[in-house]
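*Asks:* What follows is a single structure, and I will ask about it in a moment.
Please treat every number below as a calculation from the coordinates, not as lab data. All figures in this text were calculated on a predicted structure; none of them were measured in a lab. Positions of Cβ are backbone-derived with ideal geometry, glycine not excepted, and every protein chain shown enters the neighbour counts.
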Amino acid sequence: MSASLNLRAALLSLTILVVFLLGWHVAVQSGSSGAASNNDPEYAKLLGQQATQGKSAMPGPLDVISTIWGHLRDPFYDKGPNDKGLGIQLAWSLARVLLGYALAVLLAIPLGFLIGMSPLISKALDPFIQVLKPISPLAWMPLALYTIKDSGISAIFVIFICSVWPMLLNTAFGVSAVRKEWLNVARTLEVGPIRRAFTIILPAAAPTILTGMRISIGIAWLVIVAAEMLVGGTGIGYFVWNEWNNLSITNVIVAITVIGVMGMILDQTLAWLQRAVTYPD
Amino acid sequence: MTDPTPNPKFISIEGIARRYPKAGGGMTTVFEDLWFSMKKGEFACIIGHSGCGKTTVLNILNGLDAPDDGAAIVDGRAIEGPSLDRAVIFQGHSLLPWRTVLGNVAYAVAARHRDWPKAKVDAHAMAFIEKVGLKGSELKKPSELSGGMKQRVGIARALSIEPKMMLMDEPFSALDALTRGTLQDEVRRICLETGQTAFMITHDVDEAIYLADRIVLMTNGPQAMIAEIVENPLPRERVRTEVHHHPDYYAIRNHLIDFLVSRSKTFKDAVPEGYDRRHPPVVRPTAGGSGPDAGRKAA
């Protein structure tokens, strides 16, 4: 029953994809019928196909697929600062995200434990968290650039600051919501506080913590594109902006697709980890 | 079964009180000046209505709660917090759902014997899993077990640390009648075999009659008090399916139910003459005053 449901869902997904690609293909082709080719051939060569043959600047799916194929065949070439392979750009973005995210994990989980376990610290830190949490991560960028004086590290800082909040709040909530009866089991067994934190609170709160980590990686991946557009130099966000300046809509669409797929991989990795620590009650 | 010369006060509750701040200021006294003691190897049940502080008494005994006045003493030492000497079987089974049956029991064993290697811990845990009849299910997670099996794991976990006494907070109240009966048999068998001292909260009068040597009756809270201590007239060797044929069975059962239905409310207003909080009256309800072993003939 569920197998047939999955099969039907897959077929429907495939149909939607094919309809979308066909629609796209037809939509960008339609402009090419009225050829305005009564120009000087020299002039036409300078202007390119868009002006001379009325070809849409919007690439069709076939252009995008062939460009993706081109990138896939040689993802790591490096021909100077403005022409690097998509793989290199993606690797830069991933490295920044993972570094900023890892720093956020190192801060948010221990601090979240502290907030979750101590009502005093929870109340004392609450106003700061409430004010800092709604700040758009990019608003930190000028401050980061001024104090850190390095655009690459500033981008990492922006990722750090945007991934901290969901992890911090979820860890604090997960820790404070650990069932009293489990803690009482540990207490009646004379389990010390450190051991209790690792053997009772951590496994009990792990699903909630992982939910926060999953939200954070999603936000971090959203923010890195914008951050790299600002700081420039390398990364998938910079690639998008650079290709826009090159007027290569094909490459912009390729980058958008790659960003989506990478985001999905990151999210699914965390989802898998989340399932691994979830316990049936 | 029990020590040849049992300490008459293996467990001694001496004038304990517990008060909580009231919502509108002031204090609510759940109970005060409560006195009670138990011999080693004895099985005591405490019955009373919700809110009379039974669970608070139990939590003071296991060390999770502390009295505002008085002291609870076990084996000559005042209770100053939870201890591995006093195992608790909780009302909800309170197993750790991310651990297997073996993992749950081994967690307790490893807490008791911190220097044991893992193989020894597991072997020790397995012995107690077998004792409660769960061999073969040791690698299952609690979510895969029935309610009765979960409570068995709770019993195995409590026994595995080989405590000086067992404290049980309505351990079988969430189970169906059949499972409850089997587990009562097992708890009784294990307590008798190991000479375990046990203190149990229950709402089930029949459970109290089957399991307990003495039954503590608590009046309604707040300001609950021990109305009396009922000595069980039934012989120590009892069979669950036959206890209700014992001539004294209905005497004690009616006595307990009468208390729960009416006297638990009215006792406080008309405290009998000569009532001493330190020595609440001890009663032994029997059918027409027959001797303690009169039931043997009938059973």
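*Asks:* Please report the projected area of the protein assembly as shown's Cα convex hull averaged over all directions, in nm².
*Replies:* On the way: hull surface 162.3 nm².
Approximately 40.6 nm², given one-decimal rounding.
*Asks:* Using only Cα atoms, tell me the angle between helix B:147-160 and the longest principal axis of chain B; keep it within 0 to 90° and round to the nearest 10.
*Replies:* 90
*Asks:* For the stretch B:92-162, what is the charge dipole size about the Cα centre, in debye to the nearest 20, if Lys and Arg each add +1 at the Cβ and Asp and Glu each add -1 at the Cβ? All intermediate terms of the calculation are to be shown ahead of the outcome.
*Replies:* Numbers: 12 positive and 6 negative charges, 17 e Å.
Here the size comes out at about 80 debye.
*Asks:* Another question about this same structure. With N denoting the number of residues in the stretch B:92-162, provide Rg(C-alpha) divided by 2.2 N^0.38 Å, to two decimal places. The partial results should precede the final answer.
*Replies:* On the way: Rg = 10.8 Å, N = 71, 2.2 N^0.38 = 11.1 Å.
My calculation over the Cα atoms of the stretch B:92-162 gives 0.97.
*Asks:* Additional query: Pull out the extension gain between residue A:177 and residue A:275, defined as 0.36 nm times the separation in residues minus the alpha carbon to alpha carbon distance; nm, one decimal.
*Replies:* On the way: separation 98, 0.36 × 98 = 35.28 nm, distance 1.93 nm.
Here the segment from residue A:177 to residue A:275 would lengthen by 33.4 nm.
*Asks:* Give me a comma-separated list of calculated 3J(HN,Hα) values for the stretch A:7-22, in order, Karplus coefficients 6.51, -1.76, 1.60 applied at θ = phi - 60°, integers in Hz, x for any Gly or Pro.
*Replies:* 5, 5, 5, 5, 4, 5, 4, 4, 4, 4, 4, 5, 4, 4, 5, 5
*Asks:* What base-10 log of the normalised intensity I(q)/I(0) is obtained for chain B from the Debye formula, alpha carbons as equal point scatterers, at q = 0.11, 0.12 Å⁻¹?
*Replies:* After summing over all Cα pairs, the log10 values are -0.69, -0.82.
*Asks:* Then there's this: Have a look at A:71, A:216, A:197 and report the one farthest towards the positive end of the charge dipole of chain A, computed about the Cα centre with Cβ charges (Lys/Arg +1, Asp/Glu -1).
*Replies:* Checked the options; the winner is A:197.
*Asks:* For the stretch A:224-231, what does the Karplus curve 6.51 cos²θ - 1.76 cosθ + 1.60, with θ = phi - 60°, yield as ³J(HN,Hα) per residue in whole Hz, taken in order and with x for Gly and Pro?
*Replies:* 3J(HN,Hα) across the stretch A:224-231, in whole Hz: 4, 4, 5, 4, 6, 4, 6, 7.
*Asks:* What is the order of B:94, B:12, A:66, fewest Cβ neighbours within 10 Å to most?
*Replies:* The most exposed by this proxy come first: A:66, B:12, B:94.
*Asks:* Can you give the net charge of the other residues whose Cβ lies under 11 Å from the Cβ of residue B:82, counting K and R as +1 and D and E as -1?
*Replies:* On the way: positive: A:187, B:86; negative: A:190, B:65, B:80, B:85.
Local net charge: -2.
*Asks:* Nothing charged except the Cβ atoms of Lys and Arg (+1) and of Asp and Glu (-1): what's the magnitude of the dipole of the stretch B:166-210 about its Cα centre? Round to the nearest 20 debye. Display every interim value, and only then the final one.
*Replies:* Details: 3 positive and 9 negative charges, 29 e Å.
The calculation lands at about 140 debye.
*Asks:* Okay, moving on. Kindly write out, for the stretch A:60-66 in residue order, the coupling ³J(HN,Hα) from the Karplus curve 6.51 cos²θ - 1.76 cosθ + 1.60 (θ = phi - 60°), rounded to whole Hz, with x marking Gly and Pro.
*Replies:* x, x, 5, 4, 5, 4, 5
*Asks:* Choose one of A:81, A:3, B:55: the residue whose Cα lies farthest towards the positive end of the charge dipole of the protein assembly as shown (beta-carbon charges +1 Lys, Arg; -1 Asp, Glu; about the Cα centre).
*Replies:* Value computed over the given set: A:3.
*Asks:* Can you give the Kirkwood hydrodynamic radius of chain A from its Cα pairs, in Å with one decimal?
*Replies:* Values: mean 1/r = 0.0444 Å⁻¹.
About 22.5 Å, per the Kirkwood formula over Cα pairs.
*Asks:* Here's another thing I want to ask about it. Taking amide hydrogens as modeled 1.01 Å from N in the peptide plane, which residues meet the under 5 Å criterion relative to residue B:145, leaving out close sequence neighbours?
*Replies:* Answer set, sorted by chain and number: none.
*Asks:* Right, another one. When only alpha-carbon atoms are used, what values of Rg and Dmax, in angstrom, describe the stretch B:153-299?
*Replies:* Radius of gyration, then largest Cα-Cα span, for the stretch B:153-299: 16.2, 47 Å.
*Asks:* Another question about this same structure. How would you rank B:207, A:181, going from fewest to most other Cβ atoms within 10 Å of each one's own Cβ?
*Replies:* A:181, B:207
*Asks:* Mind checking which lysines have their Cα closer than 20 Å to the Cα of residue B:40? Skip sequence neighbours fewer than 8 apart in that chain.
*Replies:* The qualifying lysines are B:9, B:164.
*Asks:* Shifting gears a bit: Hey, fewest Cβ within 10 Å first, where do A:264, A:213 land in order?
*Replies:* Details: A:264 12, A:213 23.
Ascending number of Cβ neighbours within 10 Å: A:264, A:213.
*Asks:* At a threshold of 8 angstrom on Cα-Cα distance, excluding pairs fewer than six apart, so keeping six or more, what relative contact order does the stretch A:86-277 reach in percent?
*Replies:* It comes to 28 percent, rounded to a whole number.
*Asks:* What share of Cα pairs, in percent, lie more than 25 angstrom apart in the stretch B:71-228? Please list the in-between numbers first.
*Replies:* Numbers: 4009 of 12403 pairs.
Of all Cα-Cα pairs in the stretch B:71-228, 32 percent lie more than 25 Å apart.
*Asks:* Around residue B:113, under 15 Å between beta carbons, what's the net of Lys plus Arg minus Asp minus Glu among the other residues? Don't skip to the end; give the middle numbers.
*Replies:* On the way: positive: A:195, B:112, B:114, B:118, B:120, B:157; negative: A:190, B:85, B:115, B:122, B:162.
Residues close to residue B:113 contribute a combined charge of +1.
*Asks:* How compact and how long is the stretch A:168-210, expressed as Rg and Dmax of its alpha-carbon atoms in Å?
*Replies:* Looking at the stretch A:168-210, its Cα Rg and Dmax stand at 10.1, 30 Å.
*Asks:* Then there's this: Within 10 Å of each Cβ in peptide B:242-250, how many partner chain Cβ atoms are there on average? Round it to a whole number, please.
*Replies:* Averaged over the peptide's residues, the number is 0.
*Asks:* Above 21 angstrom, tally the Cα pairs of the stretch A:61-139 and express them as a % of all pairs, no decimals.
*Replies:* Details: 1738 of 3081 pairs.
Distances greater than 21 Å cover 56 percent of the Cα pairs.
*Asks:* Then there is this: Just for the protein assembly as shown, what percent of DSSP beta bridges are antiparallel, to the closest 5? The partial results should precede the final answer.
*Replies:* Details: 22 of 42 bridges.
Around 50 percent of the beta bridges assigned by DSSP in the protein assembly as shown are antiparallel ones.
*Asks:* If I fit a long axis through the Cα atoms of helix A:86-117 and take the longest principal axis of the Cα atoms of chain A, what angle between them do I get, 0 to 90°, rounded to 10?
*Replies:* Tilt of helix A:86-117: around 20 degrees.
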